[in-house]
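A.B. asks: Before anything else, here's the structure in question.
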Amino acid sequence: MSRTLLKDVAIIGGGLVGSSAALALRRMGFSVALLEKGFCGAQASGVNYGGVRRQGRPPEQIALSQRAHAIWPRLKEIIGIDGEFVSSGHLKLARTEAEMASLESYAARVAELGLDLELIGRSRIRERFAWIAGDVAGASLCPGDGHANPRLVSAAFALAARRAGAEVLEHTPVSHVEKVPEGFHLSAGSGTEVRARFVINSAGAWAGTFAEAFGEPVPLRRIYPSMIVTEPLSVFMNVNIGAEGGGIYARQVERGNCIVGGMRGKPAADLDFSRPTGSGAVTIMNRAAALFPALRNAYAIRFWSGTEGEMADRNPVIGFSRTTPNLIHAFGFSGAGFQIAPAVGEVLAELVRDGESRTPIEAFAIDRFARMDQGSPVGSVPEPLKRETSK
Amino acid sequence: MALLKRLARHELLPVPFILNGEARSGRAGDTVLTAILTHTDELRLSDFSGTPRAGFCQMGACQDCWVLTSDGQRIRACSTVLEPGMNLRTIAEPRS
Amino acid sequence: MSDALRPLIVGAGPAGIRAAQTLVDAGLRPIVVDEAASGGGQIYRQRLVPDNRTPRDLYGSEAGKATALHGTFARIRDRIEYLPHSLVWNVGDKAADVAAGGRTRRLDFSHLILATGATDRILPFRGWTTPGVFTLGGAQIALKSQGCAIGEQVVFLGSGPLLYLVAWQYVKAGARVAAVLDTAPFSAKLHLLRGLPSQPGVVLRGLRYAAELMARGVPVRFGVEPDRIEGETRVEGIVWRERSEKHRLACDAVGYGFALRSETQLADLAGCRFVFDGRDRAWRPERDIAGRTSVSGVYIAGDGAGIAGADAAELAGERAGLALLEDTGVTVDRARIVVLERRLAAINRFRDILEAAFPFPGGWADRVDDDVLLCRCEEISIGQARAAMREQGVHELNRLKALTRVGMGRCQGRMCACAAAEILAAARGQPLEAVGRMRTQPPIKPLPLEIAADGETA
């Protein structure tokens, strides 16, 4: 079956970024084709940990993160479900005085950015979070942060985009994309040809190929964050838990399952899928039982892992291509894309409509690596090629 | 009231255990599931609707026969051998 | 040669034991890991302690096979590394993770023979989670291993040879069987006559079970469509339809099942390619007649490789053992291989007849009501699953799991995945194979968080 679609925007990758961009673009009146090689939201967007967290992000991400923060409580209105979003707060633990000092310094750095962080000392942690065991030096609480269910949220954004009129094509891998005078020409699975004025490259861990096709190689590698989930237990964990220096993160859903991560998995035989390693999973399980006495007798019923794209500097690429007009990149969220993705979708739609976004994204320019190689600081380059005038 | 009915193995040695605080007796070679369900008719409450469950497959597949020991450990009743003095509790609160 | 080889056999049922024996006879020392306390599998399951029942009491007409198998296992016991009470919860590249007694360790292997067996294939109907409802296999284990009936007035329901076998075993053991409710029409049983020339023993045994049940006054009904279990906290009765007519029978226990489903999780984790088996209505690991899977060094035998029964499992276990030996350059008895493959092929042909005689209840997925529970772990109803198919366009099993939690609970879909696939295929008007199969995630069964790891894992 062959067909040719004519659209304002073609989006490569139906993860949360691509789906939310598709939805935002449709609401602005653009015609959209969303091309997904598998199922929408089945990769990193759907199988990540589910942390909805601003705390811990580098200052340059906070504006974007704050924009997303305003979206999460409105999911029901936007995509029809609340996605099990809970504004539980995010508690980042420090196990040593040095880690506590690091949390304090972070709090100072973002003090003006509206996260309302609360630093909590050793004794107050014991009082307020008696379900955490062991010697915790202190913690930083971001009360407005929380968690949600990635499986549901990502699929719901894609469904909402479809209902809003986006052409959502699953199992349609893009095999070729090229710039033609009037825009772009994409070839995808099942004989699908798409002609579009704009292309958004939101292909996650698979985005590097498309960037490279336009002369923009990026230091993007695959990572496989891996999670364990316990059987349902009575709810004791009332915040989303992280740890300074990493090693463990944990949340408990309303139904009672605890989801705990902190180790990496490995790719499966089919490289598009990954799975946790036995040793990684057992390490997470042991850590969880040691940190949370309520889990001491609990069982893990499932492990999972997802494939994510990580950039060398752990910041995503968001913004216009430096080589190709009307090509926009949004990938490389480095294991921390879930919370900001809905805002990224809006930003991408603004880039298409206005050629710029009201949210600052300069720090995420794709040529930052090339510039660093040349010893030239960020921001001292000519203005990027943003948009061609509409035809 | 008991769910299971003993038809054989009456001759085997009694094995004393405690179920929900009461002294009970099973037989050598009983699984925990048999020992409990020859005295009562449920093992646990389902996690979400809290409806009674009493196992299903008896071969370690369905995971619907988990019970507790007095110190909070979880055991799968159908694949655990009854031992003298076991202090067992059926799950009377969902997700406990 | 043999020093370098470290074959791992998972499962000590008919297939696993025969595979182990074959390797032992060739001078190898396989590791045999099994979840049970002793060998025999579910079909020839042994008591935990001896009692005064004879093998004949326990295994009926199959007593000879059971004692022979147990005898073989006892004989090779000190020439294998046997790990009972042990769960293989993950398989990686040439290594498996094995948990036992609160500890887990990695077992490196050179070859893997999976003999993981099967469980009852379950289709839900209203009340199927009520205390007193067990699978047919569960009802049989209660009797064989534990000397217990699942109730005082037991109804057996479903389709498959096990239905009559278990009912007959109950009657022989002195239990009261209130009825045998066969979901297939009586006419289906006429197919068995086609099997008389090739497998007269099996056919005559089946007919004897049915005849003895009827002779003892056990009502046997055909063309039954289960409607509901009555009773809130335990079984008080069962309601079914025959044609359009409703029937009710008081009982305090129900054993039911619709043939068997293969346990394929480890083959999936080992990376084996799967094929759809129309007769089993399920995806199963692809294998040749010798049990070689698509992964070099990984073999599969018995019901875990597609349902064929205990006799086939013994043959297939031996054949897989011989395949392993052949593949490592050992000279094997070609004549024996010809015999094994001929018998396996004959059983395979006979399976078609059995399937016709004990058919899957066609149309179940169209008729079953929305409020019936589909996933007993996560407590998701058939209506919730259908709503996801209708409203979110779900047409694949893993998507159904992701969006509704069906198959996401403690049992990892063992009890609901077959039914979920049937519902999905029916609701979308797709062939069953098109809805896919649930991907396996380790651990294949629940694992304690506090488990101690001895060294590395797979």
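A.B. asks: Under a 5 Å amide H to amide H cut-off, with H placed in plane at 1.01 Å, what residues pair with B:Trp66 once short-range neighbours are removed?
C.D. replies: Placed amide hydrogens put B:Ala77 under 5 Å from B:Trp66.
A.B. asks: I would also like to ask the following. Step through the residues of the stretch A:199-214 one at a time and calculate ³J(HN,Hα) from phi using the Karplus curve (6.51 cos²θ - 1.76 cosθ + 1.60, θ = phi - 60°), rounding each to whole Hz and writing x for Gly and Pro.
C.D. replies: Along the stretch A:199-214, the couplings run 10, 10, 9, 10, 8, x, 5, 9, 6, x, 4, 6, 5, 5, 4, 9 Hz.
A.B. asks: Follow-up. Would you mind ranking C:Leu23, C:Leu213 by Cβ crowding within 10 Å, fewest neighbours first? Mind dumping the intermediate values first?
C.D. replies: Values: C:Leu23 29, C:Leu213 21.
In increasing order of surrounding Cβ atoms, one gets C:Leu213, C:Leu23.
A.B. asks: What order do you get for A:Ser88, C:Ser187 when you list them from fewest to most C-beta neighbours inside 10 Å? Could the numbers behind the result be given before it?
C.D. replies: Details: A:Ser88 19, C:Ser187 10.
Ordered from fewest to most neighbouring Cβ atoms within 10 Å, A:Ser88, C:Ser187 come out as C:Ser187, A:Ser88.
A.B. asks: For chain C, just the Cα atoms, rotate onto the principal axes and tell me the three extents in Å, largest first.
C.D. replies: So the three principal-axis extents are 67, 53, 41 Å.
A.B. asks: Would you work out the relative contact order for chain B, in percent, from Cα pairs under 8 angstrom that are 6 or more residues apart? Kindly include the intermediate steps, with their values, before the conclusion.
C.D. replies: Details: 199 pairs, mean separation 31.0, N = 96.
Taking the mean separation of contacting Cα pairs over the length of chain B, I get 32 percent.
A.B. asks: Using the Cα centre of the stretch C:122-258 as origin and beta-carbon charges of +1 (Lys, Arg) and -1 (Asp, Glu), tell me which of C:Val218, C:Ser159, C:Leu196 is placed farthest towards the positive end of the dipole.
C.D. replies: The Cα lying farthest towards the positive end belongs to C:Leu196.
A.B. asks: Please quote Rg/Rh for the protein assembly as shown to two decimal places, taking the Kirkwood radius as Rh and restricting both calculations to Cα atoms.
C.D. replies: Values: Rg = 29.8 Å, Rh = 29.8 Å.
Ratio value, two decimals: 1.00.
A.B. asks: When Cβ neighbours within 10 Å are restricted to other protein chains, what is their mean count per residue of peptide C:31-39?
C.D. replies: Working: counts 0, 0, 0, 0, 4, 3, 4, 0, 0.
Mean number of neighbouring Cβ atoms from other chains: 1.
A.B. asks: Find the percent of Cα-Cα distances in the stretch B:14-89 that exceed 20 Å, and round it to a whole number. List each step's numbers first, then the result.
C.D. replies: Details: 628 of 2850 pairs.
Percent of Cα pairs beyond 20 Å in the stretch B:14-89: 22.
A.B. asks: Let me check against my output: what whole-number percent is the relative contact order of chain C, with C-alpha pairs under 8 Å and at least 6 apart? The partial results should precede the final answer.
C.D. replies: Details: 962 pairs, mean separation 85.9, N = 458.
For chain C, the relative contact order is 19 percent.
A.B. asks: May I pose another question? Against the longest alpha carbon principal axis of chain A, how many degrees, from 0 to 90 and to the nearest 10, is the axis of helix A:59-71 turned?
C.D. replies: Here the helix axis deviates by roughly 90 degrees.
A.B. asks: Determine the dipole magnitude for the protein assembly as shown: charges of +1 sit on the beta-carbon of Lys and Arg, -1 on that of Asp and Glu, nothing else is charged, the reference point is the Cα centre, and the result goes in debye to the nearest 20. Display every interim value, and only then the final one.
C.D. replies: Values: 113 positive and 102 negative charges, 309 e Å.
Roughly 1480 debye, rounded to the nearest 20.
A.B. asks: Report for chain A the percent antiparallel among DSSP-assigned beta bridges with both residues inside it, nearest 5.
C.D. replies: Numbers: 48 of 71 bridges.
That works out to approximately 70 percent antiparallel.
A.B. asks: Evaluate the charge dipole of the stretch B:14-89 about its Cα centre and quote only its size in Debye, nearest 20, assuming +1 on the Cβ of each Lys and Arg and -1 on the Cβ of each Asp and Glu.
C.D. replies: Values: 7 positive and 8 negative charges, 13 e Å.
Using only the charged Cβ atoms, the result is roughly 60 debye.
A.B. asks: Then there's this: With angles folded into 0 to 90 degrees, how steeply does helix C:310-327 sit against the dominant principal axis of chain C? Use alpha carbons for both and round to 10.
C.D. replies: That works out to roughly 30 degrees.
A.B. asks: Moving on to the next point. Could you work out the mean count of beta carbons from other protein chains within 10 Å of each residue's beta carbon in B:69-81?
C.D. replies: 3
A.B. asks: Could you tell me the largest-minus-smallest coordinate of the C-alpha atoms of the stretch C:86-143 on each of the three principal axes, in descending order and whole angstroms?
C.D. replies: For the stretch C:86-143, the Cα extents along the three principal axes come out at 45, 24, 23 Å.
A.B. asks: I need the phi-derived Karplus couplings for the stretch A:347-353: 6.51 cos²θ - 1.76 cosθ + 1.60, θ = phi - 60°, integer Hz, Gly and Pro marked x.
C.D. replies: Result, ordered by residue: 4, 4, 5, 5, 4, 5, 6 Hz.
A.B. asks: Kirkwood Rh, Cα Rg: Rg to Rh for the stretch A:1-156? Don't skip to the answer; put the middle values down first.
C.D. replies: Details: Rg = 19.4 Å, Rh = 17.8 Å.
Radius of gyration over Kirkwood radius for the stretch A:1-156 works out to 1.09.
A.B. asks: Please report B:Ile91, C:Ile17, C:Ile289 as a ranked list, fewest other C-beta atoms within 10 angstrom at the top and most at the bottom.
C.D. replies: On the way: B:Ile91 19, C:Ile17 30, C:Ile289 14.
The fewest-first ordering by Cβ neighbours comes to C:Ile289, B:Ile91, C:Ile17.
A.B. asks: Additional query: Can you list residues from other chains, or at least 5 along the same chain, whose modelled amide H is less than 5 Å from the amide H of C:Ser198?
C.D. replies: For C:Ser198, no residues qualify.
A.B. asks: With θ set to phi - 60° and the Karplus curve 6.51 cos²θ - 1.76 cosθ + 1.60, what are the ³J(HN,Hα) couplings of the stretch A:299-312 in order, to the nearest whole Hz, using x for Gly and Pro?
C.D. replies: Per-residue couplings from phi come out as 10, 8, 10, 6, 10, 8, 8, x, 9, 10, x, 10, 8, 4 Hz.
A.B. asks: Would you mind checking the tilt of helix C:334-357 against the longest principal axis of the Cα atoms of chain C, expressed as 0 to 90 degrees and rounded to 10?
C.D. replies: Long axis of C:334-357 versus the principal axis of chain C: about 10 degrees.
A.B. asks: What is the distance in Å between the Cα centroid of the stretch C:313-329 and that of the stretch A:307-327?
C.D. replies: Rounded to whole Å, the Cα centres lie 53 Å apart.
A.B. asks: Any chance you could list P(r) for the stretch A:127-245, counting all Cα-Cα pairs in 10 angstrom bins from zero, rounded to whole %?
C.D. replies: Binned Cα distances yield the sequence 9, 25, 26, 18, 15, 6, 0.
A.B. asks: Which value, in debye to the nearest 20, describes the size of the charge dipole of the stretch C:136-267 about its Cα centre when Lys and Arg Cβ atoms bear +1, Asp and Glu Cβ atoms bear -1, and nothing else is charged?
C.D. replies: Details: 16 positive and 12 negative charges, 95 e Å.
That gives the stretch C:136-267 a dipole magnitude of about 460 debye.
A.B. asks: Calculate the mean, over all residues of peptide A:150-159, of how many other protein chain Cβ atoms lie within 10 angstrom of the residue's Cβ.
C.D. replies: Values: counts 1, 7, 5, 0, 1, 7, 2, 0, 2, 4.
The shielding value for this peptide is 3.
A.B. asks: What is the spin-label model distance, in nm, from A:Arg128 to A:Arg314 if the labels are put 7 Å beyond Cα along the C-beta direction?
C.D. replies: According to this spin-label approximation, the distance is 2.4 nm.
A.B. asks: What residue among B:Val32, A:Ala155, A:Asn286 has its Cα farthest toward the positive end of the dipole of the protein assembly as shown, where the charges are +1 on Lys, Arg and -1 on Asp, Glu, each on the Cβ?
C.D. replies: B:Val32
A.B. asks: So for chain A, averaging the separation of alpha carbon pairs under 8 Å that are six or more residues apart and normalising by length, what relative contact order in percent results? Don't skip to the answer; put the middle values down first.
C.D. replies: On the way: 928 pairs, mean separation 88.8, N = 391.
Once normalised by length, the contact order is 23 percent.
A.B. asks: Send over the Kirkwood Rh of chain A, from the inverse of the averaged 1/r over different Cα pairs, rounded to one decimal Å. Display every interim value, and only then the final one.
C.D. replies: On the way: mean 1/r = 0.0466 Å⁻¹.
Kirkwood hydrodynamic radius for chain A: 21.5 Å.
A short reminder: the numbers here are calculations on the coordinates, not readings from a lab. Being a predicted model, the structure only gives us computed values, none of them experimental. All Cβ positions, even for glycine, are placed from backbone atoms using ideal geometry, and neighbour counts span all protein chains on display.
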